[in-house]
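Visitor: Okay, here's the structure, questions in a sec.
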Amino acid sequence: MDYLEYKIGVPRLILIIGDITKQVTYAIVNAANNELAPGGGVSGAIHRVAGPLLWEECKKLGGCLTGEAKLTKGYNLPAKFVIHTVGPVYSGKPKDKVNLANAYRNSLELALDHNIKSVSFPSISTGIYGYPVKEASEIAISTIIEFLEEYPKIERVRMVLHNMEDFTVYVSTARGMLIKKGLLKPETLV
Ligand code: APR
């Protein structure tokens, strides 16, 4: 199983194993750095597929603070837009949680402001920035669920996990939270 879909009221939260650059949603989210420079990981992959015009546009944006988000076009990507957000470099301090939640929330707010109805996220900060996946998944999933409950105009949010290990962690977190909220009955678990 590499795809799960949960209803959060009308909107859907989808967990999938895959490559963010291949997602056909209105926007994909980039796990960027403060300079919005191409870098490695997700960011390197997105810039490679989008082509050099993405970096040209990024250069004009004046960087991005940790926890904030900026919008560009998607160029050669299947997605029409890229939302660039900067997660925290993991330090183990309480501010990490705030910054990571802000990265998800500000990305979703930017989508809402631009009438973007479907968004794909990678697992922000859990690669080069070293955030433990379990802790990061709790912040990612709770922030997304709360946002969709408040703003059902966003129809679909995909969490695109790069491997089975991360997928399993995110699925377990999502199930736990949805059962607690009464949005998923334990007997309907798959
Ligand atoms: N699709 C989906 N997920 C991917 C992909 C991909 N193509 N490539 C990597 N990942 C996963 C990684 O396995 C990791 O779990 O995305 C997660 C985030 O990893 P990073 O890209 O390293 O992002 P982050 O930890 O936020 O570090 C950001 O990395 O590329 C630089 O410029 C970027 O300095 C910034 C830093």
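Just so it is clear, none of the values below were taken in a lab; they were calculated from the coordinates. Please read these numbers as outputs of a predicted model, since none were measured by experiment. Counting neighbours? That spans all protein chains shown, and the Cβs are built from the backbone with ideal geometry, glycine included.
Visitor: For Ser172, Ser107, Ser43, what ranking results if the residue with the fewest other Cβ atoms within 10 Å of its Cβ goes first?
Guide: Ranking Ser172, Ser107, Ser43 by Cβ neighbours within 10 Å, fewest first, gives Ser172, Ser43, Ser107.
Visitor: Another question about this same structure. State the Cα centre-to-centre distance between segment 99-121 and segment 1-56 in whole Å.
Guide: Answer, in whole Å: 12.
Visitor: Moving to a separate point now. Sum -39500 (n - 2.57) across every DSSP H segment of at least 4 residues in the chain, then divide by the residue count to get the 222 nm mean residue ellipticity, nearest 500.
Guide: Details: 5 runs with 72 residues, N = 190.
That comes out to -12500 deg cm²/dmol.
Visitor: With 10 angstrom as the radius, rank Leu110, Leu54, Leu100 by how many other C-beta atoms surround their C-beta, starting from the fewest.
Guide: Values: Leu110 21, Leu54 24, Leu100 27.
Lowest to highest Cβ neighbour count: Leu110, Leu54, Leu100.
Visitor: With +1 assigned to the C-beta of every Lys and Arg and -1 to the C-beta of every Asp and Glu, and no other charges, what is the dipole magnitude of the chain about the Cα centre in debye, to the nearest 20? Intermediate results must be reported in sequence, preceding the final value.
Guide: Details: 22 positive and 19 negative charges, 43 e Å.
Rounded to the nearest 20 debye, it is 200 debye.
Visitor: Taking the beta-carbon count within 10 Å as an exposure proxy, list Tyr170, Tyr151 from fewest neighbours to most.
Guide: Working: Tyr170 24, Tyr151 13.
In increasing order of surrounding Cβ atoms, one gets Tyr151, Tyr170.
Visitor: Here is a follow-up. Decide, for segment 124-190, between rounded, prolate and oblate: order the square roots of the alpha carbon gyration tensor eigenvalues as a ≥ b ≥ c, take rounded if a/c falls under 1.5, and otherwise choose prolate if a/b is larger than b/c, else oblate.
Guide: Details: a/c = 1.96, a/b = 1.32, b/c = 1.49.
Taking the square roots of the gyration eigenvalues as a ≥ b ≥ c, segment 124-190 is oblate.
Visitor: Treat segment 71-113 as a sphere of radius equal to its Kirkwood radius over Cα pairs and apply Stokes-Einstein at 25 °C in a medium of 0.890 mPa s; give the translational diffusion coefficient in µm²/s, rounded to a whole number.
Guide: Once the numbers are plugged in, D ends up at 212 µm²/s.
Visitor: Please give the length that would be gained between Glu109 and Asp2 if that part of the chain were fully extended, namely 0.36 nm times their separation in residues minus their C-alpha to C-alpha distance (nm, one decimal).
Guide: On the way: separation 107, 0.36 × 107 = 38.52 nm, distance 2.77 nm.
Working it through step by step, the gained length comes to 35.7 nm.
Visitor: Could you give the length gained on full extension between Asp19 and Arg156, defined as 0.36 nm per residue of separation minus the Cα-Cα distance, in nm?
Guide: On the way: separation 137, 0.36 × 137 = 49.32 nm, distance 1.70 nm.
That pair, Asp19 and Arg156, stretches by 47.6 nm at full extension.
Visitor: So, counting K/R as plus one and D/E as minus one, what does the shell of residues with Cβ under 11 Å around Leu110 add up to?
Guide: -1
Visitor: Over 28 Å between Cα atoms, which of Lys60/Lys153; Lys7/Lys95; Lys60/Lys80; Lys59/Lys93; Lys73/Lys134 qualify? Walk me through the numbers on the way to the answer.
Guide: Numbers: Lys60/Lys153 30 Å; Lys7/Lys95 30 Å; Lys60/Lys80 19 Å; Lys59/Lys93 31 Å; Lys73/Lys134 31 Å.
Table pairs above 28 Å Cα-Cα are Lys60/Lys153; Lys7/Lys95; Lys59/Lys93; Lys73/Lys134.
Visitor: Of Ile20, Ile139, Ile83, which is the most mobile in a GNM of the chain whose springs link Cα atoms less than 10 angstrom apart?
Guide: In the Gaussian network model the winner is Ile139.
Visitor: Note down the net charge around Ser120, summing +1 for each Lys or Arg and -1 for each Asp or Glu among other residues with Cβ under 11 Å from its Cβ. Could the numbers behind the result be given before it?
Guide: Details: positive: Lys22, Arg156, Arg158; negative: Asp19.
Combined, the nearby Lys, Arg, Asp and Glu give +2.
Visitor: Now a separate question. Given springs between every Cα pair under 10 Å in a Gaussian network model of the chain, which of Lys134, Lys93, Lys59 has the largest fluctuation?
Guide: Answer for the Gaussian network model of the chain: Lys93.
Visitor: Here is a further query. Shape of segment 1-73 from its Cα gyration tensor (a ≥ b ≥ c, root eigenvalues): rounded if a/c is under 1.5, otherwise prolate when a/b > b/c, or oblate? Don't skip to the end; give the middle numbers.
Guide: Details: a/c = 2.40, a/b = 1.78, b/c = 1.34.
Judged from the Cα gyration tensor, segment 1-73 comes out prolate (a/c at least 1.5, a/b above b/c).
Visitor: Taking every pair of Cα atoms in the chain, average 1/r, invert it to obtain the Kirkwood radius, and report Rg/Rh to two decimals.
Guide: Numbers: Rg = 15.4 Å, Rh = 16.3 Å.
Ratio of gyration radius to Kirkwood radius for the chain: 0.94.
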